[in-house]
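The values are calculated or read from the model by the stated rules, or taken from the named source; none is laboratory data. Note that the structure is predicted; figures quoted are calculated from it, not measured. Here the Cβ positions follow ideal geometry from the backbone for every residue, glycine too, while neighbour counts run over all protein chains shown.
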Amino acid sequence: MNTLRQLYSSVEKSGCAGCTILNKHLPFHSHMDYEDLKEADILFVSDSFKIGDFGPEALSNDDYDLILDVFKSTKLSNLLDKVAFTASVKCPRIKADDMTKEDRDICRGHLDKTLLTVKPKLVFACGNLPLIMLTRRTGVEGKRGRALPMEGSWGKYTVVPIYHPFQVIMEPKNRYLFQIDIENAINEFILNKNSSDRFTYDLLDTVGKVQEVQFPSSKSSVLAIDTETTGLNFLKDKIQTIAISFKVGDVIKNYVIPLHHKESRFNDEEKTQVIGVIKSIMSSKARKVLHNAKFDLKFFSMEGITEFNNIWDTKIMQHLVDENLPKGLKDLVNYYFPHEIEN
């Protein structure tokens, strides 16, 4: 018992005074792993430590094996010596609900020391608790794969939220998203491989500009079409903008038509003329590619555009390819175009 008291006495001195976790979860104690870590370009941050065969571990053996396999599958094994692992909470087996705001603030002091020791360029937040601890944001599902720029005393770094490896092991369908998020981030922020070209488009804000564009109409042509609307109810909401992209030779042309946008310059007569151009596009023999096409087509129908020819829906196509994989547009872009990073 005296040994246990001495243990917690040392924890109090280490900067955990006032934390309620120690009282809730005896006899576990904090583990200041930053005392053993070295500098690394890439840092994986888990939720809290696990009790392994040889003491506290940031991840389980199965979790480590999964990450190792991802590095091998993406041919990034040569970077493993630049990878470090830690836990965002320095006490074992802690969940987000176990912590008060004050507990998190106390523990962030130790996490900051870890970051200062490792000085990473890229940090993977494995799950929601690491995301909260690192960025004070929540909702890893909605932020997964996004780059969150941060700045430490040693310089700038990037946090990328990803699934916790345990989520991937329990739900294998998450494997490709987990792998792509890691590969994309490493290519972007460590290897500088991804293209830095910015997306550009031409705004067609007059009838003359719309009519000047030679939209392809032959059966061999492909146009990508997307709409932004004022809401989800096609009975009362309106199309704000229509985006149309297609290739001319090796050049991709991107156009945006602000049909009912609040800053649109079209009057009612001009909108009728623009809708006439859209009618000819949608009824042409050219292949029109949309994602979740039924949504856009309902809004087109409310504008009097009712003849649709050669429509291709990427959401349906992905379902036919593999019904078990996510069908979201962002997920499909990451999967089929892994080097296309959202600006």
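Limited to region 210-231, what total is found for residues that are farther than 17 Å from Val274 by Cα, surrounded by 14 or more Cβ atoms within 10 Å (Cβ to Cβ) and of a type in the set (Ser, Thr, Tyr)?
2
In this structure, does Pro120 turn out to be in the same structural domain as Asn184 (by TED's automatic domain parsing), under 22 Å from Phe189 (Cβ atoms) and within 18 Å of the chain's Cα centre (by Cα)?
Taking the combined requirement at face value, the residue does not satisfy it.
I'd like the full set of residues that are touching a Leu at 6+ places or on another chain (Cβ under 8 Å) and small (Gly, Ala, Ser), limited to region 262-298.
Scanning region 262-298 gives a single hit, Ala286.
Would you check if there is a residue in region 287-297 being in contact with a strand residue (DSSP E or B) (Cβ under 6 Å, 6 or more places away or on another chain), within 20 Å of Asn233 (Cβ to Cβ), outside any helix (DSSP H, G or I) and at pLDDT 95 or above?
Yes: one or more hits.
Restricting attention to region 224-262, which residues are in a strand (DSSP E or B) and β-branched (Val, Ile, Thr)?
Ile225, Thr227, Thr229, Ile239, Thr241, Ile242, Ile244, Val248, Val251, Ile252, Val256, Ile257
Can you pull out every residue in region 200-248 that is within 11 Å of Phe299 (Cβ to Cβ) and of a type in the set (Ser, Thr, Tyr)?
Scanning region 200-248 gives Thr227, Thr229, Thr230.
State whether the residues of region 125-137 include one that is in contact (Cβ under 8 Å) with a residue 24 or more places away in the chain, closer than 22 Å to Tyr336 by Cα and in the same structural domain as Val83 (by TED's automatic domain parsing).
No, region 125-137 contains no residue that is in contact (Cβ under 8 Å) with a residue 24 or more places away in the chain, closer than 22 Å to Tyr336 by Cα and in the same structural domain as Val83 (by TED's automatic domain parsing).
Out of the residues in region 232-242 that are among the β-branched types (Val, Ile, Thr) and either more than 25 Å from Val213 (Cβ to Cβ) or out of contact with any helix residue (DSSP H, G or I) (no Cβ under 6 Å at 6 or more places or on another chain) (or both), which is surrounded by the fewest Cβ atoms within 10 Å (Cβ to Cβ)?
Thr241
For Val289, are the conditions met, namely being closer than 27 Å to Gly208 by Cα and loosely packed, with under 13 Cβ neighbours inside 10 Å?
Against the criterion (closer than 27 Å to Gly208 by Cα and loosely packed, with under 13 Cβ neighbours inside 10 Å), Val289 does not qualify.
Mind checking whether some residue in region 226-245 is of a type outside the set (A, V, I, L, M, F, W, C) and at pLDDT below 90?
Taking every residue of region 226-245 in turn, none turns out to be of a type outside the set (A, V, I, L, M, F, W, C) and at pLDDT below 90.
Any idea how many residues of region 54-101 are among the charged types (D, E, K, R) and surrounded by 19 or more Cβ atoms within 10 Å (Cβ to Cβ)?
3
For region 147-170, which positions are out of contact with any helix residue (DSSP H, G or I) (no Cβ under 6 Å at 6 or more places or on another chain), under 17 Å from Pro120 (Cα atoms) and either crowded, with 17+ Cβ neighbours inside 10 Å or in contact (Cβ under 8 Å) with a residue 40 or more places away in the chain (or both)?
The answer is Ala147, Tyr157.
If I ask for residues that are outside any helix (DSSP H, G or I), more than 19 Å from Ser221 (Cβ to Cβ) and modelled with pLDDT of 85 or more, which ones from region 298-331 would you list?
Passing the criteria: Glu303, Gly304, Thr306.
Looking at the structure I just gave you, is Lys279 assigned to a helix (DSSP H, G or I), buried (at least 16 other Cβ atoms within 10 Å of the Cβ) and out of contact with any strand residue (DSSP E or B) (no Cβ under 9 Å at 6 or more places or on another chain)?
Against the criterion (assigned to a helix (DSSP H, G or I), buried (at least 16 other Cβ atoms within 10 Å of the Cβ) and out of contact with any strand residue (DSSP E or B) (no Cβ under 9 Å at 6 or more places or on another chain)), Lys279 qualifies.
Scanning for something within 26 Å of the chain's Cα centre (by Cα), assigned by TED's automatic domain parsing to the domain that holds Val207 and under 24 Å from Thr200 (Cα atoms), does region 231-241 turn up at least one residue?
Among the residues of region 231-241, at least one is within 26 Å of the chain's Cα centre (by Cα), assigned by TED's automatic domain parsing to the domain that holds Val207 and under 24 Å from Thr200 (Cα atoms), which makes the answer yes.
When Ile51 is evaluated against the numbered criteria (1) surrounded by fewer than 20 Cβ atoms within 10 Å (Cβ to Cβ); (2) of a type in the set (Val, Ile, Thr); (3) part of a loop (DSSP other than H, G, I, E, B), which criterion, by number, is the only one it fails?
That leaves (3) as the condition not met.
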